[in-house]
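To start, the structure under review is shown below, and the notes come after it.
The values are calculated or read from the model by the stated rules, or taken from the named source; none is laboratory data. The model shown is predicted, which means the values in this text are computed figures rather than measured ones. Methodologically, a virtual Cβ is constructed for each residue, glycine included, from the backbone with ideal geometry; neighbour enumeration extends over all protein chains shown. SASA here: full protein model, heavy atoms, side chains in, ligands and nucleic acids out. Shrake-Rupley method; radii C 1.70, N 1.55, O 1.52, S 1.80 Å.
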Amino acid sequence: MVSSTWVTTGIRSIVGRQSRLIQGASATVSLLVRSIVVGPDESKKNRPFVIRSRYYCGNARSFASAAVAATVMSPTTSQEEQVVIPFVQPRFDVATQEPDYERLGKTSKVNLFTAINDAMSTALETDPTAIVFGEDVAFGGVFRCSMHLKDKFGPHRVFNTPLSENGIAGFAVGYASMSGTAIGEIQFADYIFPAIDQIVNEMAKFRYRSGNQWNCGGVTLRAPCGAVGHGGHYHSQSPEAYLAHTPGLTVVMPRGPRSAKGLLLSSIRSQDPVVFLEPKV
């Protein structure tokens with residue numbers, strides 16, 4: 001029987017200069033690396049190692065083409081070994097045809113923020129543990145994504161927080177660790193950097209550090225990203241590359257309203273922590 005080891009410790013570098021980002025409206029990319037075989041010598045080539053991380057962009061998954069250097073524990077000798085995991089080409093399942101929208105019945109036109117609002121409304125309706133919180137979300141938020149949610153679901157489920165991104169992320173981790181569904185908003189993606197400690201060292205590692213006994217998979221952090229036209233360097237950044245280098249974290253970016261609603265609902269219902277980036281353009 002072949003033993004396997006999750007490679008999630010001692011990762012030195014995930015993406016190098018050859019990294020690529022795959023984007024597409026209907027593309028679905030398989031897991032970043034799945035059961036690839038590596039080893040210092042021929043006798044160990046039947047031992048699989050897996051990196052447990054997934055990155056999404058649009059409806060496609062982005063992936064790294066560079067090798068990964070990691071320290072792993074050998075299941076046979078109980079000794080630490082240095083291994084290099086080469087890039088493995090993912091499998092793509094691409095839908096070439098648009099769905100027949102006439103068969104879906106009555107539809108309505110939406111833009112990105114109304115699609116996001118509708119997705120959060122659906123989540124709050126279907127999940128009694130779901131809450132929406134962040135800076136100014138109670139009156140609708142800077143980009144109006146949470147408009148009317150407080151009136152519809154009450155101030156105990158849609159509420160403002162102090163101006164503390166680290167506090168928002170930490171609260172989300174704590175609430176989700178108690179089996180709640182936390183939908184937090186970082187007002188601008190530029191402001192996410194004060195929360196990096198909670199996102200990288202707590203949110204992304206929560207399941208791993210407990211040996212899969214606990215998790216905070218109910219966390220979804222939303223953040224508008226990209227240029228705003230007049231926001232300058234503190235309101236126009238795109239931090240997805242930083243976040244996508246974090247094992248254990250799922251990063252999602254929709255390409256438009258049609259994909260935004262479905263991707264946000266999937267993120268909220270996912271069993272992994274998600275950072276959901278909403279393009280301003």
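Taking the Cβ-Cβ separation of R144 and D197 as r and a Förster radius of 22 Å, what is the calculated FRET efficiency to the nearest 0.05? Efficiency for this residue pair is about 0.15.
Residues whose amide H falls under 5 Å from that of T161, counting only those 5 or more places apart or on a different chain, are G134, E135, D136, V137, with hydrogens built in the peptide plane.
The calculated FRET efficiency for the pair V228 and L104, based on their C-beta separation and a Förster distance of 25 Å, comes to about 0.15. Couplings 3J(HN,Hα) of the range 222-239, computed from phi: 9, 7, x, 9, x, 5, 10, x, 9, x, x, 7, 9, 9, 9, 7, 10, x Hz, in residue order, whole Hz [Karplus 6.51 cos²θ - 1.76 cosθ + 1.60, θ = phi - 60°; x for Gly and Pro].
For the range 133-202, the share of accessible area belonging to carbon and sulfur comes to 60 percent (1.4 Å probe, ligands and nucleic acids excluded). For V251, the accessible area of its heavy atoms, probed at 1.4 Å with every protein chain present, is near 10 square angstrom.
Put simply, the amide H of G226, placed in the peptide plane, has neighbours under 5 Å in Q237, S238, leaving out anything fewer than 5 places away on its chain.
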